[in-house]
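Participant: Got a structure for you, written out below as structure tokens; questions coming shortly.
The values are calculated or read from the model by the stated rules, or taken from the named source; none is laboratory data. Because the structure is predicted, anything quoted here is derived from the model rather than measured. No Cβ is skipped: glycine too gets one built from the backbone with ideal geometry, and neighbour counts run over all protein chains shown.
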Amino acid sequence: MDTMILLLNALWPGLAGALGLGLCAGWLCGWPRGLAIGLGLLTAASLLGAVALAGLVPGRAGFWTESAALMLWCYLGGCALGAAAGRRRASASPAG
């Protein structure tokens with residue numbers, strides 16, 4: 001638990017940037033058209049997260065793996081939130 005707090009303390013600017021970038025990308029692009037794209041990204045994030053949680057990669061490479069997993073999840077979460085907000089914005093605007 002202490003390592004996770006330390007990791008979040010060191011990486012919060014990158015995590016905030018990934019979340020902000022995801023919000024912008026999701027708001028501008030919306031939901032992916034094909035189901036395969038979304039499932040592929042979710043699978044990649046899940047596999048990377050599982051490798052990071054299992055601690056399969058030691059040392060500096062493990063730190064980069066854990067960092068990448070956290071940032072990818074923040075980015076994908078931002079994309080989902082941005083796409084949901086963009087969908088509401090698009091449905092609220094009058095057609096014309």
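Participant: Can you pull out every residue in the stretch 40-55 that is at pLDDT below 85, more than 12 Å from the chain's Cα centre (by Cα) and of a type in the set (A, V, I, L, M)?
Facilitator: Of everything in the stretch 40-55, those that are at pLDDT below 85, more than 12 Å from the chain's Cα centre (by Cα) and of a type in the set (A, V, I, L, M) turn out to be A52, L53.
Participant: Quick one: what pairs do we get from the stretch 4-15, first residue in contact (Cβ under 8 Å) with a residue 60 or more places away in the chain, second surrounded by 11 or more Cβ atoms within 10 Å (Cβ to Cβ) and acidic (D, E), C-beta under 7 Å, 6+ apart or different chains?
Facilitator: Taking only residues 6 or more apart or on different chains, the pairs are L7/E66.
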